[in-house]
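Novice: If you scroll down you'll find the structure; I have some questions about it.
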Amino acid sequence: MNCYLKNNPIMFLISTLVFIMFTLTGCNSSEVAISDSNVPVIIDAPNFSNVSTSFLVEQLGNPESIEPWENKTAKGTFDMLIYGYSKDNNYYEFIIANDAIVRMNIYSEKNWFNSGDDFSYSNMKKSDILAMFGIIPSSKAKVAEDTGSAYRISSTSDSISDFWVPMLDESTNTFGLVKITFNSDYF
């Protein structure tokens, strides 16, 4: 220890507190735990990562709707298509750019149809929400947002760049929408 800190107890105390703060911050819970429970899977989202529309139609049949969409972002303007499907009382939007699925939005029955239930994660940890969509987080996955009304994981896995639950209700352990981004170049 240098002489300055030895002779100045206030600086020593501040330095010690800063060190402890950085140590605790480095050990925070921003890393995402892998689910250790048997979570019911709503859809195996990684199977749809950057696949073609022909693969999508092979798996789910012809879409109920196909909508053109011009997505304007700071990265540019992108012509996209949205394929819509009702499946298992939920509604699925597959966002397509250059004939590849780049994002999927999954709406609960309650959120899309104004009837039925939202998705529930009661009796589970919040990190188990990933498992509900067949996602195993990578070691790089980090909690980017956890506000009680939104939950977002960045660098989620090798095939998923972003996992976002923008409509979360911690008081009821439910949520109405999930956005899973496979290729963030378009968003």
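Novice: At a Cα cut-off below 28 Å, give the lysines reachable from K140, other chains included and same-chain residues fewer than 8 away excluded.
Specialist: K75, K125, K126, K179
Novice: Can I ask one more? Could you calculate the FRET efficiency of D146 with F113 from 1/(1 + (r/R0)^6), where r is the beta carbon distance between them and R0 is 35 Å, rounded to 0.05?
Specialist: 0.80
Novice: On the protein heavy atoms, probe 1.4 angstrom, tell me the percent of accessible surface of segment 48-155 carried by carbon and sulfur.
Specialist: Roughly 45 percent of what the probe reaches on segment 48-155 is carbon or sulfur.
Novice: Can you give me the accessible area per residue for segment 48-130, using a 1.4 Å probe, in Å²?
Specialist: Dividing the accessible area of segment 48-130 by its residue count gives 52 Å².
Novice: Using a cut-off of 19 Å between alpha-carbon atoms, which aspartates and glutamates can reach K72, once sequence neighbours fewer than 8 places away in the same chain are excluded?
Specialist: Result set, ordered by chain and number: E93, D99, D162, D185.
Novice: How high is the relative contact order of segment 47-187? Use alpha-carbon pairs under 8 Å, at least six apart in sequence, and give a whole percent.
Specialist: 21
The values are calculated or read from the model by the stated rules, or taken from the named source; none is laboratory data. All values derive from a computational prediction rather than experimental measurement. No Cβ is skipped: glycine too gets one built from the backbone with ideal geometry, and neighbour counts run over all protein chains shown. The area values use the complete protein model at the heavy-atom level, side chains included, leaving out ligands, DNA and RNA. Shrake-Rupley method; radii C 1.70, N 1.55, O 1.52, S 1.80 Å.
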